[in-house]
Amino acid sequence: QVRLVESGGGLVQAGGSLRLSCVASGLTLRAMGWFRQAPGKEREFVAKISWNGVSTDYADSVKGRFTISRDNAKNTVYLQMNSLKPEHTATYYCAAPRAIASMEPKDYASWGQGTQGTVSS
């Protein structure tokens, strides 16, 4: 049984940082993705990382500000978020793809429960 558990969300002031973690169990080593969903908006792609961490990709809106990484020995994927703005407020989800990790939520089969990140102005 696949299980993804996110943590690390919280309330920070604009300009602050958050580091999200996602611990995975019950699945083979594969690429992983982070998505977010703000109130009243659709879930959107944030970042993805290859199974070995060599390849990463980001949404244009977070390039240079967010960093995705992983520690396979700990079965954990991270999302470091710096210089946060109020518009980054959302519930952040990690996800495991069915096959190839794309930027589309529909290509992901397993999701965590999400962790809330709130940025105050």
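Return the sequence-ordered ³J(HN,Hα) values of segment 89-100 in whole Hz as given by the Karplus equation 6.51 cos²θ - 1.76 cosθ + 1.60 applied to θ = phi - 60°, using x for Gly and Pro.
4, 5, 8, 9, 10, 9, 8, 10, x, 5, 9, 8
Could I get the Rg over Rh figure for segment 19-86? Both from C-alpha atoms, Rh via Kirkwood, rounded to two places.
Expressed as Rg/Rh, it is 0.97.
Once label points are set 7 Å from the Cα along Cα→Cβ at both A73 and S55, what is their separation, rounded to one decimal in nm?
Modelled inter-label distance: 2.6 nm.
Give me, ordered by chain and number, the residues 5 or more places off G10 or on other chains with an amide H under 5 Å from its own placed amide H.
G117, T118
Read-outs throughout are calculated quantities, based only on the coordinates presented, and are distinct from any laboratory measurement. Keep in mind that this is a model prediction, so the values were computed, not measured. Glycine gets a Cβ as well: all are built from the backbone with ideal geometry, and neighbour counts include every protein chain shown.
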